[in-house]
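Asker: Right, I'll just put the structure down here and ask away after.
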Amino acid sequence: MVSVIFRAFRAIDEPESCDKFVAGHRSVLEAYGITMITSNNAQWAKHKNTYVILAEAPDDGRALGGVRIQIADDDFPLPIAHAVGLVDKGIHDLIKSFDGVRIAEACGLWNSREIHGYGYSFFLLRAAIALANLLGVKALFALAAPVTVEMCLNAGFKVEHNLGKEGFFNYPKLDLVATAMAIRQPDNLTDARAEDRIYVQELVAHPNNVVESVGPKGVVTIDYRLNPNSA
């Protein structure tokens, strides 16, 4: 059995934790030859409306993975606006259509080789959707790599077919493909699989809880600490 802590916090409150997130994420990206990407830019760590879920080892707190919820405001646009806007300006019109509604992006999802294959990316995505709900987000965007598209669909995201080539883009390199996706109503997840919807709803109801789940390599234990009031 593998145990991990999923701990949420506001980025500006914990600069050292943000540094751990950035270093771990960078090492994963560099393994794939990726160096120029918005999530690899630590400017988000100074953004008052960015929240982080850091996956940590319970013995020494080393970073094992993570994901960010970046809420859009006038100071800091969503990463997807920059990434997709390079090839399709329509992303800006899409985001403007949500004026007056709190929107955010789930971004920077990664996990280390140490926990690779246990399904923690999927659990991090579910945790991100739950945190978005706890933060009052009404629409949640994501730019998904090919290996994460299916799990995003299972969790309730839908492809934004009006952007790029039916939602697909060459990003962050010409030989890589990313898919623009969004959940229009993360509070009800009508497009999610039943098991994913129930899992997220349980996290929203009990954001601080220890949960045993079955992953591809067996049982994993996650100590969820997602309450944004304590983040």
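The values are calculated or read from the model by the stated rules, or taken from the named source; none is laboratory data. Fair warning: this is a prediction, and the values are worked out from it, not measured in the lab. When we count neighbours, we look across all protein chains shown, and the Cβ atoms used for this are built from the backbone with ideal geometry, even at glycine.
Asker: Which pairs do you get when a residue that is surrounded by 13 or more Cβ atoms within 10 Å (Cβ to Cβ), found in the stretch 91-115, comes within reach of a residue that is of a type in the set (D, E, K, R) and in a strand (DSSP E or B), reach meaning Cβ atoms under 7 angstrom, with the pair 6+ apart or on two chains?
Answerer: Listed by first residue and then by second, the contacts come to C107/R68; G108/R68.
Asker: Then there's this: Looking at the stretch 174-224, which of its residues are surrounded by fewer than 20 Cβ atoms within 10 Å (Cβ to Cβ), of a type in the set (A, V, I, L, M, F, W, C) and touching a residue at least 12 places away in the same chain (Cβ under 8 Å)?
Answerer: Answer for the stretch 174-224, where residues must be surrounded by fewer than 20 Cβ atoms within 10 Å (Cβ to Cβ), of a type in the set (A, V, I, L, M, F, W, C) and touching a residue at least 12 places away in the same chain (Cβ under 8 Å): L176, V177, V204, V210, V211, V219.
Asker: Oh, and also: Let me spell it out: the conditions are (1) hydrophobic (A, V, I, L, M, F, W, C); (2) in a strand (DSSP E or B); (3) within 22 Å of I5 (Cβ to Cβ), and A130 meets all of them except one. Which number is the exception?
Answerer: Tallying (1) hydrophobic (A, V, I, L, M, F, W, C); (2) in a strand (DSSP E or B); (3) within 22 Å of I5 (Cβ to Cβ), A130 fails exactly one: (2).
Asker: Using beta carbons and a limit of 7 Å, which pairs, at least six apart or on different chains, have the first residue in the stretch 128-153 and closer than 18 Å to D73 by Cβ and the second one at pLDDT 95 or above and among the aromatic types (F, W, Y)?
Answerer: Listed pairs, sorted by first residue: L131/Y51; L135/Y51.
Asker: Related question: What is the number of the single condition among (1) under 22 Å from I53 (Cα atoms); (2) in a helix (DSSP H, G or I); (3) within 17 Å of the chain's Cα centre (by Cα) that V137 does not meet?
Answerer: Condition (2) is where V137 drops out.
Asker: R68 is checked against (1) more than 26 Å from R26 (Cα to Cα); (2) in contact with a Gly (Cβ under 8 Å, 6 or more places away or on another chain); (3) basic (K, R) and fails just one. What number does that condition carry?
Answerer: (1)
Asker: Then there's this: Answer yes if at least one residue in the stretch 65-78 is under 17 Å from Q43 (Cβ atoms), under 13 Å from the mean Cα position of the chain (by Cα) and not in a strand (DSSP E or B), and no otherwise.
Answerer: yes
Asker: Looking only at the stretch 102-129, which residues are modelled with pLDDT under 90 and hydrophobic (A, V, I, L, M, F, W, C)?
Answerer: Matches in the stretch 102-129: I115 only.
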